[in-house]
1. If a residue has to be of a type outside the set (A, V, I, L, M, F, W, C), buried (at least 18 other Cβ atoms within 10 Å of the Cβ) and over 20 Å from Gly33 (Cβ atoms) to count, how many in the range 117-140 make the cut?
2. Please verify whether Arg81 is buried (at least 18 other Cβ atoms within 10 Å of the Cβ) and basic (Lys, Arg), treating the condition exactly as stated.
3. I'm checking my understanding of the structure. Among residues of the range 1-20 that are within 30 Å of Pro70 (Cα to Cα) and of a type outside the set (Lys, Arg), which one is farthest from the chain's Cα centre (by Cα)?
4. Select the helices (runs of 4 or more DSSP H) contained entirely in the range 50-140, then report the ones holding at least 2 residues which are under 20 Å from Gly3 (Cβ atoms).
5. Only one of Leu55, Leu15, Leu51 is closer than 23 Å to Ser168 by Cβ, assigned by TED's automatic domain parsing to the domain that holds Asn98 and touching a residue at least 24 places away in the same chain (Cβ under 8 Å); which?
6. Just to be sure, is Ala40 more than 26 Å from Ser193 (Cα to Cα), touching a residue at least 12 places away in the same chain (Cβ under 8 Å) and not β-branched (Val, Ile, Thr)?
7. Are there any pairs with C-beta distances below 7 angstrom linking a residue in the range 95-119 that is farther than 22 Å from Leu51 by Cα and at pLDDT 95 or above to a residue that is of a type in the set (Val, Ile, Thr) and surrounded by fewer than 16 Cβ atoms within 10 Å (Cβ to Cβ), with the two at least 6 apart or on different chains, and if so which?
8. In the range 4-18, how many residues are assigned to a loop (DSSP other than H, G, I, E, B) and loosely packed, with under 15 Cβ neighbours inside 10 Å?
Amino acid sequence: MSGLRQIDGLERADLPAQPLHLAVGMFDGVHLGHQSVIEAAIHSARRSGGLAGVLTFAPHPSVLLRPANPTPLLLPPAAKRAVLARLGVDVLIEQNFNAAYAALAAEDFVPHLQRHLPHLAALYVGENWRFGRGRTGDVALLVAAATRAGLSVTSAPRLNHNGAPISSSRIRELLVAGDIAGVNALLGYTYFSEGVVQPGRQLGRTLGFPTLNLAWQPGLPPRHGVYAVEVTTGPGKALQGVANYGLRPTVGQDTSPLLEVHLLEESTLGYGASLTVHWLHFLRPESKFGSLEALQRQIETDRQTALDYFARRSAG
């Protein structure tokens, strides 16, 4: 197979007669710990001439199990697919996590998979993965059930960074705190936003700093503030920029955060362009200024701080 094939649910999984090496989990963020599980499946699939697959769930189980307090996602589905495709996954099965699926007993999980995936050869999970009704299934139960079914199970140990486990919840805390460098270290890639440039009020242009306004509504908003970023529109050159994400308290009463990017180099990008913004470095928190002149001076300072950051990055 070439490229990532997306399948909506196990009941639609009509796959070629090749050994399927399947990584299973929520994989929100597809961080370094998740990647160790998924890459084990990919490597085994390549050695055996099989398919590397990922079984994940949508929506997040907390939407059903804790509807008053669901877990905010680090990546929207499209961004998650993009990361998995870059890793080299052949097949992505997105299983609807509804009441019927949540009621599936842990003991029935492996037979359920085999009914829909007759060429399933091996399963790959994290060592602390839980499954089945009431999350009663663990790796020991999975191994026992898989062994009876003639399958193998590989469980990857948790990875640590700076002495603490890498986890989606830890990354969420860092993102909300504005520690984008920490987020990127745990993800193993640069946190990114994808969106289409929309018309704005053109205030930035009036102040001498034109911006590209992106339609972007994340599941988990990063800390409001100013960031050094790079912008891409495909496989071409990355453009350096300064992004402001927040409510712009100096200039209006926005009720939802806006992502604005001021490019530090010449560009012909405009309305309708599809952009990917790669978040690199937190410059400062969002602030309210007493006048547009004060805001203008701060933007110039932000611009210079970003230029200094990119100069150090190039030299370093």
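1. 1
2. Yes.
3. Glu11
4. Because the criterion is at least 2 residues that are under 20 Å from Gly3 (Cβ atoms), the helices (runs of 4 or more DSSP H) in the range 50-140 that meet it are 77-87.
5. On the way: Leu15 fails: closer than 23 Å to Ser168 by Cβ; Leu51 fails: closer than 23 Å to Ser168 by Cβ.
Checking each option against the conditions leaves just Leu55.
6. Details: more than 26 Å from Ser193 (Cα to Cα): yes; touching a residue at least 12 places away in the same chain (Cβ under 8 Å): yes; not β-branched (Val, Ile, Thr): yes.
Yes; evaluated as a whole, the condition is true for this residue.
7. If the second residue must be of a type in the set (Val, Ile, Thr) and surrounded by fewer than 16 Cβ atoms within 10 Å (Cβ to Cβ), the pairs left are Ala106/Thr136.
8. If we filter the range 4-18 for residues that are assigned to a loop (DSSP other than H, G, I, E, B), which is where we start, we get 4, 8-9, 13-18.
From what is left, the residues that are loosely packed, with under 15 Cβ neighbours inside 10 Å are 8-9, 14, 16-17.
Going through the range 4-18 one residue at a time, the tally reaches 5.
The values are calculated or read from the model by the stated rules, or taken from the named source; none is laboratory data. It should be emphasised that the depicted structure is a prediction, and the values quoted were computed from it without experimental measurement. Note: ideal-geometry Cβ built from the backbone for every residue, glycine included; neighbour counts use all protein chains shown.
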